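Structure, as structure tokens:
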2 protein chains.
Amino acid sequence: MTRPSDITRDRILKAAERLFAERGYDATSVRAIVARARVNQAAINYHFDGKEGLYREVLRTAFRGLTEDQLAHADDTAGLPREEALAAFVRRQLHPLSARDEASRYMRIFNWETVRPTPVFRKLMSEEAAPFMGLTVDLVRRFLPEADQRSLMVAAIWLIGQCSVFVRNREQLAGPPVALELDDMAVDWLAQLLSRWTMRGLGAA
Amino acid sequence: MTRPSDITRDRILKAAERLFAERGYDATSVRAIVARARVNQAAINYHFDGKEGLYREVLRTAFRGLTEDQLAHADDTAGLPREEALAAFVRRQLHPLSARDEASRYMRIFNWETVRPTPVFRKLMSEEAAPFMGLTVDLVRRFLPEADQRSLMVAAIWLIGQCSVFVRNREQLAGPPVALELDDMAVDWLAQLLSRWTMRGLGAA
DNA sequence: TCCGTTTTCAAACTCTCGTTTGAAAACGTA
DNA sequence: TACGTTTTCAAACGAGAGTTTGAAAACGGA
């Protein structure tokens, strides 16, 4: 494997991932991508059938990367008491805060999409978000056993939203007027705080 | 006042506000703006010294409009019991869900900025967001009278984040796999749900 | 009314974008 | 080695972007 052509493909993907995360789809030019990847300009059209096709590929990678972490632990948490399962879920959702890795970039790509979703993203979302949403709904159901489906859905989004506001706005929150510096220890502290408030909110002791 | 030239200026501002809110800065062309405003293409450069100057002006308007809107209700809520004050705050934060008015557009322009803040926006934010944050911190302090400043800050962001996740992602949440349709009645129901969970989370009965 | 200023206008300019092209190079297999 | 295929490459294309231009029109005080 790893034929020369695959190397080119990979370099493009890596460069595109970084640039899309940093500037968004529109503001990222094909020329900027090929310059960073040090490949020819026509390579994107050859390997990905255009800029949009490349973006689709990057989005897929990002989505898998973000959700597989939670999905991989789905079985573990199912065996835990609901309080511990929730705490673990929150801690994992906050993970991009304590690591400047792929997950942070993936999150950033998603941020661009939340304001005005591209058709590519909409499709991906409607096709592949179900497992993750299901997992989250299952979790909140353990606290709201009698709630209807719509309430469970809202509770799941509520839970996700509480975490994502910190992840999304980390950079801004670091500055005035909030000045919230989040080192690794602070992230653990934050996770505990959020877990406690969420559990109490959903009616646990 | 309202000389003919001011009318042109105003038409451009109104059209730009709508288009920037809808599509963001990059994806909005000056040709689209002048078409909607029904003015000549050169008018933007004449009156605002270019697209960027126009955006700066729109951003200023948006910021003023939003902060005035939020802070105008600060006095009302100060007199209410903390539970009612919180409910009113949540309902107010969810307002863009049920109205397509100026405030919703302003919020949307801000959403664009949270992904990749322009220098103009950063400055505006660090200088003028303090009153709104202060208001929110005051509100959560009524539930956490003994908490330190950092916890209060986190609680304030937590509160804001719970609401904004529904506002920001309204379009996506309407589709699969969530399929959360939010008409006016549903927004009221959602506001009640969020208020209740938040209050319990922060330790109120 | 007259005249200098302000404002509008259609057209063109320059730049960057994503994509296409056709040939050259590299590759894999017999 | 020889040959068909895959992959790379430099160059150019057409579309759309923001801006500039210079003249025409509208305005406003004397």
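Filtering segment B:164-190 to residues that are among the aliphatic types (A, V, I, L, M), part of a helix (DSSP H, G or I) and either within 22 Å of A:Q172 (Cβ to Cβ) or more than 9 Å from every other protein chain (Cβ to nearest Cβ) (or both) leaves B:V165, B:V167, B:A174, B:M185, B:V187. Annotation note: Cβ proximity below 8 Å between a residue of segment A:31-52 that is over 11 Å from A:L13 (Cα atoms) and without any contact (Cβ under 8 Å) to a residue 12 or more places away in the chain and a residue that is within 11 Å of DNA strand D (Cβ to nearest atom) and of a type outside the set (S, T, N, Q) (sequence gap 6+ or interchain) occurs for A:N40/A:V34; A:Q41/A:V30; A:Q41/A:R31; A:Q41/A:V34; A:G50/A:I44. In the set B:A35, B:A43, B:A16, only one residue is hydrophobic (A, V, I, L, M, F, W, C), within 16 Å of DNA strand C (Cβ to nearest atom), more than 22 Å from the chain's Cα centre (by Cα) and buried (at least 17 other Cβ atoms within 10 Å of the Cβ); that residue is B:A43. Residues in segment A:124-161 that are hydroxyl-bearing (S, T, Y) and facing chain B (nearest Cβ under 10 Å): A:S126, A:S151. Summed over segment A:71-91, residues that are buried (at least 16 other Cβ atoms within 10 Å of the Cβ) and under 28 Å from A:E22 (Cα atoms) total 3.
Within segment B:5-34, being among the small types (G, A, S), within 10 Å of DNA strand D (Cβ to nearest atom) and farther than 26 Å from A:T28 by Cβ holds for one residue alone: B:S5.
Just one of (1) in contact (Cβ under 8 Å) with a residue 24 or more places away in the chain; (2) small (G, A, S); (3) more than 25 Å from A:E113 (Cα to Cα) fails for A:A16. It is (3).
Just a yes or no: is a residue in segment A:46-65 within 14 Å of chain B (Cβ to nearest Cβ) and either away from DNA strand D (no atom under 16 Å from the Cβ) or within 16 Å of the chain's Cα centre (by Cα) (or both)?
In the first step, residues of segment A:46-65 are kept if they are within 14 Å of chain B (Cβ to nearest Cβ); the result is A:59, A:63.
Among the residues that remain, those that are also either away from DNA strand D (no atom under 16 Å from the Cβ) or within 16 Å of the chain's Cα centre (by Cα) (or both) are: A:59, A:63.
Taking every residue of segment A:46-65 in turn, at least one turns out to be within 14 Å of chain B (Cβ to nearest Cβ) and either away from DNA strand D (no atom under 16 Å from the Cβ) or within 16 Å of the chain's Cα centre (by Cα) (or both).
When segment A:108-123 is filtered for residues that are surrounded by 18 or more Cβ atoms within 10 Å (Cβ to Cβ), within 11 Å of chain B (Cβ to nearest Cβ) and either touching an Asp or Glu at 6+ places or on another chain (Cβ under 6 Å) or more than 24 Å from B:P117 (Cα to Cα) (or both), only A:F121 remains.
Read-outs: derived from the displayed coordinates by stated rules, not from any lab. Quick caveat, the model's predicted, so the values are computed rather than measured. Please note: Cβ atoms are built from the backbone with ideal geometry, for glycine as well, and neighbour counts cover all protein chains shown.
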